[in-house]
1. At a Förster radius of 30 Å, what calculated FRET efficiency corresponds to the Cβ-Cβ distance of A91 and N12, to the nearest 0.05?
2. Could you give the dipole magnitude of the chain about its Cα centre, charging the beta-carbon of Lys and Arg +1 and that of Asp and Glu -1, in debye to the nearest 20?
3. Between E4 and E43, 0.36 nm times their residue separation minus their Cα-Cα distance comes to what?
4. Go ahead and set up a Gaussian network model of the chain, Cα springs under 10 Å, then flag whichever of R131, R108, R75 fluctuates most.
5. I need R71, R118, R132 ordered by Cβ neighbour count within 10 Å, fewest first.
6. Kirkwood hydrodynamic radius, region 15-133, all distinct C-alpha pairs: what's the number in Å?
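Any read-out appearing in this document is the output of simple, stated calculations on the displayed coordinates, not a laboratory observation. Just so you know, these numbers come straight off a predicted model, no measurement behind them. Glycine gets a Cβ as well: all are built from the backbone with ideal geometry, and neighbour counts include every protein chain shown.
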Amino acid sequence: MAIEWTPDLTLNHPGLDTDHVELFRKLAAAGAALSCSPSAVDEAMAVLCDAFLAHTAREDALMTGTGYPEREAHRAAHDFFLAALAQLRAALARRAPTADDDDWLRTRAPEWLRFHVRVNDAPLVAWLFRRRERPLPEEGVARRRS
């Protein structure tokens, strides 16, 4: 399976869609770096980890700021993936890449990201759109007071 974003992953949320495209690009770059020098692997993994951390922090802030009811489950999915990514990064800092590392970066991580977009992010975006139409009760009160 190719490491690339595909149009069926579009959520119609510009910030998340842009992030997802970039995450797939960074996954591809990290996978390609496995055949390069250790410093190239380290750099690509740093860029990939930073991108995932920034993305999940943005999503978490969005969920927290809007009172998303499934935030804890969504956040747990992020934590699971980030732990696996950190573990791979630490392993690659100690040793040469293996076939399992290549499989993780080129197959399993992109599959996880596709799954996550469809199963976790799509419901988040749908909720955000519904919420925009029906603000939380306390927001309606605050708007009427202002």
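1. FRET efficiency, A91 to N12: 0.20.
2. Values: 19 positive and 22 negative charges, 120 e Å.
Charge dipole, the chain, about its Cα centre: 580 debye, nearest 20.
3. Values: separation 39, 0.36 × 39 = 14.04 nm, distance 2.00 nm.
Roughly 12.0 nm would be gained on extension.
4. Most flexible of the set in this elastic network: R131.
5. R132, R118, R71
6. Numbers: mean 1/r = 0.0668 Å⁻¹.
The Cα-based Kirkwood calculation yields 15.0 Å.
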